[in-house]
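Below you'll find the structure, written out as structure tokens, and then a few comments.
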Amino acid sequence: MGIVPKGMRMLIAISAGKVSSRMCRPFAYRNAATFTTSTQFCCPGSPKNITENVKKLDNGIDKFLDPEVQRLLKSLTGMDYKIIFRRRNLGGKLHEPNYTFMTAEQLEEAVDEANIKAHELLQMPPVLHPRKPINKNISFDPVLQGLEKDGTTLLFTDITQNISDLDRLIVARESDGTLRHATWEEREKMNKIYFPTPSKCFKTPKMFTDPELLQSVLARAMVETTYDVVDSRKDYDYLRSTRHYGGMVFYLTRLRKMDRLLGFLLDNARIQEASNLVSLFCIMFPECKSAQTKADNQIDIIRNYIEADAILGSELRLRLNSYVEDQRSKEELHKGIAKAHGL
């Protein structure tokens, strides 16, 4: 958003093709700021950045609903009940836990209900194609050039009732005389002003004061930038056993950025998850060399990927060899203990 210039700007709202006189009045400073735009600012999810990355992010999205991909993502997500059912301080009142005496049959039923609830809470948000930016001009009127000397863009909104936010007519008049359809950002701002909803407001979200910041951000808007931050910090376990872990794994895999995650799994001896991650990669990229190489066990599956397709091959090779050596040492130790006890 740009800064409101001197002499407060006025927004004209169009209703059913007629100018609404009651809406043609200056707004307070805090609201008027939303009616002007500037090309100086650009957020990660803006149409400009989406245009630059749409081809990169589009790769492999359609495979998200593949049954085998879903199975591997759920397996990688895990199911830690302590994380799934933990208490969250979201500003409301915390209630004391209830303790109930149960028979064995009742306990089994309660466990089954908890499993169903856990699967519901771990349901991954859908992965969608990035929406295409709106870049459609309506007309050009050179007579209006220079009318807004400070470069302000004026927005006009159809405030007719019973029209969805997606279908509502919102147009913008540029300072050079161009009349165009409003961008997604501009549409969202205007719809929030004229037709606010409880879930869309200008108040500071509680997620910025919530200690569980990463999950709060992801719960509000699935932003790939958040996944990149988690990946750069290797804070994968912050999202494990949450509904966002599978989406992060899918995102990193389809962009071939999964090597750090694979190294993290090897360092923590989570070989089954590491093998599933490579299997997911082979499904996403069936033409890759590791997908066409036969493997007899989990170690071979991982090693084939490291040797053929990994970007951080040398680093991952050291970690895998370290894991194999550690496992061999443990086996020799167990054999020595068993032999000493005559087993």
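Only one entry in LYS63, LYS82 is in a helix (DSSP H, G or I), surrounded by 14 or more Cβ atoms within 10 Å (Cβ to Cβ) and either at negative phi or at pLDDT 90 or above (or both), namely LYS63. For the stretch 237-258, residues that are in contact with a helix residue (DSSP H, G or I) (Cβ under 6 Å, 6 or more places away or on another chain) and surrounded by fewer than 20 Cβ atoms within 10 Å (Cβ to Cβ) total 2. Candidates in the stretch 292-302 are the residues that are modelled with pLDDT of 90 or more and either within 30 Å of the chain's Cα centre (by Cα) or outside any helix (DSSP H, G or I) (or both); of these, the one that is nearest to ASN321 (Cα to Cα) is ILE302. When the stretch 132-166 is limited to residues that are aliphatic (A, V, I, L, M) and surrounded by 14 or more Cβ atoms within 10 Å (Cβ to Cβ), the one that is farthest from the chain's Cα centre (by Cα) turns out to be LEU144. A search for C-beta distances below 8 Å between a residue of the stretch 314-343 that is free of Cβ contacts under 8 Å to residues at least 40 places away in the same chain and hydrophobic (A, V, I, L, M, F, W, C) and any residue that is surrounded by 10 or more Cβ atoms within 10 Å (Cβ to Cβ) and assigned to a helix (DSSP H, G or I), counting only pairs 6+ apart in sequence or on different chains, returns VAL324/ILE299. Within the stretch 243-269, residues that are within 17 Å of MET284 (Cα to Cα) and in a loop (DSSP other than H, G, I, E, B) reach partners that are of a type in the set (A, V, I, L, M) and modelled with pLDDT of 90 or more with beta carbons closer than 8 Å, at six or more positions or on different chains, in the pairs ARG256/ILE311; MET258/VAL249; MET258/LEU252; MET258/LEU277.
For (1) without any contact (Cβ under 8 Å) to a residue 12 or more places away in the chain; (2) not in a loop (DSSP other than H, G, I, E, B), each residue gets a yes or a no:
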site	(1), (2)
PHE156	no, yes
GLN161	yes, no
LEU166	yes, no
ALA172	no, yes
SER175	no, no
LEU179	no, yes
ARG187	no, yes
MET190	no, yes
ILE193	no, yes
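Tell me, which residue of the stretch 143-175 that is within 15 Å of LYS189 (Cβ to Cβ) and of a type in the set (Val, Ile, Thr) is modelled with the lowest pLDDT? Checking each candidate, the answer is THR152. Checked against the criteria, HIS129 counts as under 30 Å from GLY246 (Cβ atoms) and under 32 Å from the mean Cα position of the chain (by Cα).
The values are calculated or read from the model by the stated rules, or taken from the named source; none is laboratory data. Just so you know, these numbers come straight off a predicted model, no measurement behind them. In this analysis, Cβ positions are derived from the backbone assuming ideal geometry, glycine residues included, and neighbour counts consider all displayed protein chains.
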